[in-house]
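Participant: Below are the structure tokens for one structure; questions will follow.
The values are calculated or read from the model by the stated rules, or taken from the named source; none is laboratory data. Since the model is a prediction, treat every value here as computed from it, not as a measurement. Every residue, glycine as well, gets a Cβ built from its backbone with ideal geometry; the counts of neighbours run over all protein chains shown. Accessible surface is based on the protein model in full, side chains and every heavy atom, while ligands, DNA and RNA are left aside. Shrake-Rupley method; radii C 1.70, N 1.55, O 1.52, S 1.80 Å.
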Amino acid sequence: MDEEKAALSLFLEAQREAVLAILEGLDGDALTTAVLPSGWTPLGMVEHLGHAERHWFQEIVLGHAEPLPWPDDAPPLTTPRSPEEVFAFYRAQCARSNAVLAATPLTARPVGRHPDPLGAETTDLRRIVLHVIEETARHAGHLDAARELLDGKTGLGPR
């Protein structure tokens, strides 16, 4: 793995680990509690991040993805699935993303296409990885705030 790809992988993995660390120790009730008026739940956010990994690395980079194991009909950023199912889904999607990243040059153009304006900005794998880092970090920040509202804990995560 070249130096740039290794650096991008390191930062992407750090954000993924932050998401999981922020939520570690929360029970099912807390994971499914909305603390902001928009109604999203921490568990719903993790499922969303799994969908984002699947979308960007499979649907966009490769042009196809395996069918989802369930219908995607829950209200946005919520889920009827158990914490075990959602965390397993997220980890599986991250593993698939890692495999795509390892096997694909950063300069590779995506086979699929995301709608504009973001689609116009994601012209190669490098930009897709940067976008997923950005999205994961943004949602890790949301989860940080939710965790503080749920039980007062702050400063969780590997960094």
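Participant: Taking the stated definitions as given, is GLY50 more than 16 Å from the chain's Cα centre (by Cα) and not β-branched (Val, Ile, Thr)?
Facilitator: On the way: more than 16 Å from the chain's Cα centre (by Cα): no; not β-branched (Val, Ile, Thr): yes.
In short, no.
Participant: Still on this structure, please answer the following. If only one of LEU156, LEU101, LEU143, LEU150 is open to solvent by less than 60 Å² (accessible area, probe 1.4 Å), in contact with a helix residue (DSSP H, G or I) (Cβ under 9 Å, 6 or more places away or on another chain) and in a loop (DSSP other than H, G, I, E, B), which one is it? Break it down stepwise before answering.
Facilitator: Numbers: LEU101 fails: in a loop (DSSP other than H, G, I, E, B); LEU143 fails: in a loop (DSSP other than H, G, I, E, B); LEU150 fails: in a loop (DSSP other than H, G, I, E, B).
Answer to the selection: LEU156.
Participant: Return the only residue of ALA6, ALA92 being part of a helix (DSSP H, G or I) and farther than 28 Å from ALA120 by Cβ. Quick ask: steps written out before the conclusion?
Facilitator: On the way: ALA6 fails: farther than 28 Å from ALA120 by Cβ.
Only one candidate passes the filter, namely ALA92.
Participant: Continuing with this model, one more query. Can you run down the residue pairs with Cβ atoms below 9 Å, 6 or more apart or on separate chains, where the first is in region 1-25 and under 18 Å from LEU156 (Cβ atoms) and the partner is hydroxyl-bearing (Ser, Thr, Tyr) and part of a helix (DSSP H, G or I)?
Facilitator: Taking only residues 6 or more apart or on different chains, the pairs are GLN15/THR136; ARG16/TYR90; ARG16/THR136; ALA18/THR136; VAL19/TYR90; VAL19/THR136; LEU20/TYR90.
The rows are residues; the columns are (1) of a type outside the set (A, V, I, L, M, F, W, C); (2) surrounded by fewer than 18 Cβ atoms within 10 Å (Cβ to Cβ); (3) over 19 Å from the mean Cα position of the chain (by Cα); (4) closer than 21 Å to ASP151 by Cβ.
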position: GLN15; (1), (2), (3), (4): yes, no, no, no
position: GLU24; (1), (2), (3), (4): yes, yes, no, yes
position: ALA34; (1), (2), (3), (4): no, yes, no, yes
position: ALA74; (1), (2), (3), (4): no, yes, no, no
position: LEU77; (1), (2), (3), (4): no, no, no, yes
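Participant: Looking at LEU77, LEU68, can you tell me which residue is modelled with pLDDT under 95 and in contact with a helix residue (DSSP H, G or I) (Cβ under 7 Å, 6 or more places away or on another chain)?
Facilitator: Numbers: LEU68 fails: in contact with a helix residue (DSSP H, G or I) (Cβ under 7 Å, 6 or more places away or on another chain).
After ruling out the rest, the residue left standing is LEU77.
Participant: For region 124-145: of the residues being among the hydrophobic types (A, V, I, L, M, F, W, C) and under 19 Å from ARG113 (Cβ atoms), which is farthest from the chain's Cα centre (by Cα)? If you could, list the steps in order and put the result at the bottom.
Facilitator: Applying the first criterion (among the hydrophobic types (A, V, I, L, M, F, W, C)) to region 124-145 yields 125, 128-130, 132-133, 137, 140, 143, 145.
When the remaining residues are screened for being under 19 Å from ARG113 (Cβ atoms), the result is 125, 128-130, 132.
Numbers: LEU125: 16, ILE128: 13, VAL129: 11, LEU130: 12, VAL132: 7 Å.
Only one residue tops the list, namely LEU125.
Participant: On to the next question. Of all residues in region 26-39 being free of Cβ contacts under 8 Å to residues at least 60 places away in the same chain and not in a helix (DSSP H, G or I), which is nearest to SER97 (Cα to Cα)?
Facilitator: First, the residues of region 26-39 that are free of Cβ contacts under 8 Å to residues at least 60 places away in the same chain: 27-29, 31-32, 34, 37-39.
If we keep only those that are not in a helix (DSSP H, G or I) as well, we get 27, 32, 34, 37-39.
Working: ASP27: 28, THR32: 26, ALA34: 28, PRO37: 32, SER38: 29, GLY39: 28 Å.
Checked region 26-39; the qualifying residue nearest to SER97 (Cα to Cα) is THR32.
Participant: Pull out all pairs, ordered by first then second residue, where Cβ-Cβ is under 7 Å, the residues are six or more apart or on different chains, the first lies in region 43-67 and is surrounded by fewer than 18 Cβ atoms within 10 Å (Cβ to Cβ), and the second is not in a helix (DSSP H, G or I).
Facilitator: Pairs found: GLU59/ALA65; GLU59/GLY112; LEU62/VAL111; GLY63/VAL111; GLY63/GLY112.
Participant: If a residue has to be open to solvent by 40 Å² or more (accessible area, probe 1.4 Å) and in a loop (DSSP other than H, G, I, E, B) to count, how many in region 104-133 make the cut? So that I can check it myself, show each step before the final result.
Facilitator: If we filter region 104-133 for residues that are open to solvent by 40 Å² or more (accessible area, probe 1.4 Å), which is where we start, we get 105, 107, 109, 111, 113-118, 120-121, 123, 126-127, 130.
Cutting the leftovers down to in a loop (DSSP other than H, G, I, E, B) gives us 105, 107, 109, 111, 113-117, 123.
Residues that pass the stated criteria total 10.
Participant: Show the residue pairs meeting these rules: Cβ distance below 6 Å; 6+ apart or different chains; first residue within region 123-149 and in contact (Cβ under 8 Å) with a residue 40 or more places away in the chain and farther than 22 Å from PRO105 by Cβ; second residue surrounded by fewer than 16 Cβ atoms within 10 Å (Cβ to Cβ) and charged (D, E, K, R).
Facilitator: ARG147/LYS153
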